[in-house]
1. Restricting things to Cα coordinates, could you compute the convex hull volume per residue of the chain in Å³?
2. Based on DSSP H runs of at least 4 residues, each adding -39500 (n - 2.57), what is the mean residue ellipticity at 222 nm of the chain after dividing by all its residues, to the nearest 500 deg cm²/dmol?
Amino acid sequence: MQIVNFTPLSALVGGALIGLAAAAMWWLLGRIAGVSGILENAIGAQGPDRMWRIAFVAGLLGAGIFAAAVLPGAVHFDMESGYGRAIAAGLLVGIGTQLGSGCTSGHGVCGTSRLSLRSIAATAIFMGAGVLVVFVMRHLL
C-alpha cells in the first residue's frame, strides 16, 4: 500500500489552527464551535445571535474561496464519485448530525477536548462508521 499526499507539516498546522479557533470561540464567546449547530441556528435563529453565526459560516466558505484565489494550484477539487453520491453523502451526514446531536467539529474537536463522555462515544462511533464505509466502498463494491 502506497501512502499518497503525506503532508504532516500542513496537517499539524491545520490541526493547530482548528484547535486554536475552537478554543478562541470558547474563551471569547463561551460557545462550542460545532459547525452543524452553528449552521442550523444561522438559518433558524433571530436577532444578534444569528449574525455571528452567519459570519462564522461565511468565514468558512470565504476562506476556501480566498485560498483558491490566492493559491490557485494549492487547492485541488476533484469529485470522482459524481454529484449524486456527494448529495446523498451530504444528506446522510446531515441526518447523522441530527441523530448524534452534533458533528465532527462539535463532538470530535470540542467535546473530546472537554472530556465529554457523550462526545467521546459519538466520535468513536462516527470514526468507526467512516472506516467501515471506506472499507465497503473500496474493497467490497
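Every number here is computed from the coordinates shown, using simple stated rules; none is lab data. Model, not experiment: these values are computed from the prediction.
1. 161 Å³
2. Counting only the DSSP helices, I get -22000 deg cm²/dmol.
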